[in-house]
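Comments concern the structure below.
Nothing in this text is a laboratory measurement; each read-out follows from the coordinates by a stated rule. Owing to the predicted nature of the structure, the values given are computational and were not obtained by experimental measurement. Note: ideal-geometry Cβ built from the backbone for every residue, glycine included; neighbour counts use all protein chains shown.
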Amino acid sequence: AGAYVTDSALAEALGLLSFGRIMMEAAFPTGTLAATLGSPARSDSIVVRRALPADARLLAGMNRELDRHIAASPIFFPDPRGMSEEEWREWLPREGSVAFIALTIDGPLGYIKAEAPQIDVSWSVHGSGTLAINGMFVDPAVRGRGIATSLLAALVAQAASSGKTLVSVDCETANLE
């Protein structure tokens, strides 16, 4: 079951019954996000580009790091669902699948992935004009340097160029980072 955050009476009632906000979803018009983010940042040492099936090993490695984070305190998500190298290799070329990877000469720094809204997200964001972010990771050692923003800007630019009018995301509220 889900509720809009604007329904404050229902949110308060659920809170009093010990139901916390486990998942949070957000959706923004693609144009609004594009205007806010601007163009992806450029750097001589960091490259943000569309992920390819040849990047599957790097993406799966970052997914393992994300799985470890999600399974640990304070989240304790019992069964993280990151993708294996083979799953990435199969997913990346699918129509509607889009991922960007941030790299340096030393290796990967992060990724973002999205596709059409899946069954496990709010019905309010379902539609052919929505691109739903369903995965993102930035190496903790390089957080705070604008890499996530550059990945998001690249994804939003792709969404806009492919006619998507809404970008959505859902996340676990216990994941403070």
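Brief remarks on what is shown
- Protection proxy ranking of 148-156, 134-142, 74-82, by the mean of other Cβ atoms within 10 Å over each peptide's residues and highest first, is 148-156, 134-142, 74-82.
- The packing ranking of peptides 43-50, 106-113, highest mean first, is 106-113, 43-50, where packing means the average number of other beta carbon atoms within 10 angstrom of each residue.
- Expected-Rg normalisation [2.2 N^0.38 Å, Cα atoms] applied to the range 24-112: 1.24
- Net charge of neighbours whose Cβ lies under 15 Å from the Cβ of Gln158, counting Lys and Arg as +1 and Asp and Glu as -1: +3
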